[in-house]
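No value in this document is a laboratory result; all are computed from the given coordinates. On a predicted model such as this, the values are computed, not experimentally measured, just so you know. All Cβ positions, even for glycine, are placed from backbone atoms using ideal geometry, and neighbour counts span all protein chains on display.
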């Protein structure tokens, strides 16, 4: 078992994604990360351990849930398209980052063409 992921590590990784903004549309306790205005990650500041909601391909979501006990259907989200990842240290940081990349990529691919072009100008993810 690894040490639980720290908030600073999580936020730093999310912020390095091009076109990412952070907001609080659900109140001051829930940080929402969006790419070009579309949500791809959110978590509660006060959750211990942190619980990160990420968009996921439905088939992959099922595989991840079956493989990792800390990956569960998305809390307060579409259970088919979102996972909640409990960052309790049972999952390697690299695997969490891979899930974040997948979520970001899914959302970025669904953007309108004009927004995808703007995003491409910002650089690689």
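This table checks each residue for (1) part of a loop (DSSP other than H, G, I, E, B); (2) under 12 Å from the mean Cα position of the chain (by Cα); (3) exposed (fewer than 15 other Cβ atoms within 10 Å of the Cβ).
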position	(1), (2), (3)
17	yes, yes, no
49	yes, no, yes
78	yes, no, yes
114	no, no, yes
120	no, no, yes
(message) Being free of Cβ contacts under 8 Å to residues at least 12 places away in the same chain and within 14 Å of residue 102 (Cα to Cα) is the filter here; which residues of region 47-60 pass it?
(response) 59
(request) Within region 20-46, track down each residue that is without any contact (Cβ under 8 Å) to a residue 60 or more places away in the chain and loosely packed, with under 15 Cβ neighbours inside 10 Å. (result) 21, 22, 23, 24, 25, 26, 27, 28, 29, 45, 46
(message) Here's a check for you: in region 80-94, which residue that is in contact (Cβ under 8 Å) with a residue 12 or more places away in the chain and not in a loop (DSSP other than H, G, I, E, B) is surrounded by the fewest Cβ atoms within 10 Å (Cβ to Cβ)?
(response) 93
(request) Scan (1) part of a helix (DSSP H, G or I); (2) under 16 Å from the mean Cα position of the chain (by Cα) for the single condition residue 72 breaks and write down its number. (result) (1)
(message) Go through region 51-69 and report how many residues are part of a loop (DSSP other than H, G, I, E, B) and surrounded by fewer than 19 Cβ atoms within 10 Å (Cβ to Cβ).
(response) 3
(message) With the requirement that a residue be within 18 Å of residue 9 (Cβ to Cβ) and surrounded by fewer than 17 Cβ atoms within 10 Å (Cβ to Cβ), what does region 95-112 give you?
(response) 95, 97, 98, 101
